[in-house]
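Heads up, the thing below is written out as structure tokens.
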């Protein structure tokens, strides 16, 4: 039997080698919370791929402060460094690093995430 807490609402965002998963889940008391998972593809020494995952649990009582801090940090970065991506490659002649840079810089792989509705009461 499938746990209904895993099937409420989900979206994913592909960003180069990373994928972000946004999942609405339910508490035992049947309230909702958000999990944000970053999944990044990496490779073992033998070349086989694996995924590193990091997860954040965000509860309703923290939505407004989280949103405010996130917006402040994003605005700070854009104001200080602009929207252009600055990258550093150890080996600029590496065709693999150039392929990855082109893939990550591709505007078709970018989706803007808007947190404006995250903390609003209905």
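Every read-out reported here was derived from the displayed coordinates using simple, explicitly stated rules and does not represent laboratory data. All of these numbers come straight from a predicted model, not from anything done at the bench. As a convention, Cβ positions derive from the backbone with ideal geometry for all residues, glycine included, and neighbour counts pool all protein chains shown.
What to note about this one:
- Highest to lowest packing among 64-72, 39-47, scored as the average C-beta count within 10 Å: 64-72, 39-47
- The mean sequence distance of close C-alpha pairs (under 8 Å, at least 6 residues apart), as a share of the length of the stretch 7-75, puts its relative contact order at 21 percent.
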